[in-house]
Amino acid sequence: MGNEQMIIRGATADDLSVLAAAAYEAMNWSGEARFTHEQIMRTPELSHYLEGWRRPGDFGVVAETADAVPLGAAWCRIFAVEDAGYGFVAPEIPELTIGVLPGYRGRGVGTALMEGLISQGVSKGLQAISLSVKDGNRARALYECLAFRKVGRNGGSDTLLLEL
């Protein structure tokens, strides 16, 4: 991150706007705007990653500068079978969402967010965390470095699992 100091802190109930910005980046990872903010919030299979944040079982981290400028966020949420996310494995395994804001990619923000989130999961005594990654998404290399492994396939995406 150059000379800027990066702080990783726990995500609070007040961080919905940061999570929404990160979700927008995660869902438009290829650089083309496939979804607007409004479409994300109107589409149940996308909005359920954000709606009602911070409900029981939700946890996450926010990366920001020393001046509290958001850089990105990563969070986990448990889904019921009937409301499964794209990276759903089982109702007791939280699904991870991560997004790094434009201008901050390739500077270690994603790695720091993932390490902070994994640390939270371990401290909560969780057995595993899952996620979905589309074919061609450069973030896959980060997930593989962190020991996520492929456990499923859904369309053009792989479901990855990290055992904690």
request  = Please give the per residue volume of the convex hull enclosing the alpha carbon atoms of region 85-164, rounded to a whole number of Å³.
outcome  = 89 Å³
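Find the eigenvalues of the gyration tensor of the Cα atoms of region 45-93, then list the square roots of 5 times those eigenvalues as equivalent ellipsoid semi-axes, largest first, in whole angstrom.
Working: eigenvalues 128, 20, 19 Å².
Calculated on Cα positions only, the semi-axes equal 25, 10, 10 Å.
When the dipole is taken about the Cα centre of region 83-164, and only Lys, Arg (+1) and Asp, Glu (-1) are charged at their Cβ, what size is it in debye, to the nearest 20?
Values: 9 positive and 8 negative charges, 67 e Å.
That gives region 83-164 a dipole magnitude of about 320 debye.
How big is the equivalent ellipsoid of region 1-85 along its three axes, where each semi-axis is √(5λ) from the Cα gyration tensor, reported in whole Å from largest to smallest? The partial results should precede the final answer.
On the way: eigenvalues 111, 58, 19 Å².
Here the semi-axes work out to 24, 17, 10 Å.
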note = Here region 87-102 yields Karplus 3J(HN,Hα) values (6.51, -1.76, 1.60; θ = phi - 60°; whole Hz; Gly and Pro given as x) of x, 5, 10, 7, x, 9, 9, x, 9, 8, 10, 9, x, 10, 6, x
ask   = Where in region 3-49 are there trypsin sites (Lys or Arg not before Pro) that are in a DSSP coil and have at most 13 other Cβ atoms within 10 angstrom of their Cβ?
value = ARG34
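Carbon and sulfur: what percent of region 22-164's accessible surface (1.4 Å probe)? Before the final figure, lay out the partial values.
On the way: 3480 of 6870 Å².
That fraction is 51 percent.
Scale the Cα Rg of region 23-71 by the rule-of-thumb value 2.2 N^0.38 Å and send over the ratio, two decimals. Before the final figure, lay out the partial values.
Working: Rg = 12.9 Å, N = 49, 2.2 N^0.38 = 9.7 Å.
Its radius of gyration relative to the 2.2 N^0.38 Å reference: 1.34.
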note = For region 1-108 the mean separation of alpha carbon contacts under 8 Å (6+ apart) over residue count, i.e. relative contact order in percent, is 33 percent
query = Among THR12, THR43, THR97, what's the order by accessible area (1.4 angstrom probe), most exposed first?
reply = THR12, THR43, THR97
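Note down the net charge around PRO44, summing +1 for each Lys or Arg and -1 for each Asp or Glu among other residues with Cβ under 11 Å from its Cβ.
Working: positive: ARG42; negative: GLU45, GLU51, ASP83.
For residues surrounding PRO44, the net value is -2.
Only Lys, Arg, Asp and Glu count, each charged at its Cβ (+1, +1, -1, -1), so figure out the dipole size of the chain about its Cα centre, rounded to 20 debye.
On the way: 15 positive and 20 negative charges, 70 e Å.
That gives the chain a dipole magnitude of about 340 debye.
Gain in length, GLU115 to ALA84, computed as 0.36 nm per residue apart minus the alpha-carbon separation, to one decimal in nm?
Stretched fully, the GLU115-ALA84 segment lengthens by 8.7 nm.
Accessible area per residue for the chain in Å², computed with a 1.4 Å probe and the full protein assembly in place, what is it? Walk me through the numbers before you get to the answer.
Working: 8150 Å² over 164 residues.
Solvent-accessible surface per residue comes out at 50 Å².
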note = Expressed in angstrom and rounded, the centroid-to-centroid distance over alpha carbons for region 18-59 and region 76-101 is 12 Å
request  = Would you indicate which of (1) -0.48, -0.74, -0.83, -1.29; (2) -0.32, -0.56, -0.66, -1.68; (3) -0.52, -0.78, -0.86, -1.37 is the value of log10 I(q)/I(0) by the Debye sum over Cα atoms at q = 0.10, 0.13, 0.14, 0.21 Å⁻¹ derived from the coordinates of this structure?
outcome  = (2)
task = May I ask you to list the residues of region 90-134 whose amide nitrogen lies under 20 Å from a point 7 Å from Cα along the Cα→beta-carbon direction of LYS150?
result = 90, 96, 129-134
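The values are calculated or read from the model by the stated rules, or taken from the named source; none is laboratory data. Because the structure is a prediction, the values reported are computed rather than measured. Glycine gets a Cβ as well: all are built from the backbone with ideal geometry, and neighbour counts include every protein chain shown. All accessible areas refer to the heavy atoms of the entire protein, side chains included, with ligands and DNA or RNA removed. Shrake-Rupley method; radii C 1.70, N 1.55, O 1.52, S 1.80 Å.
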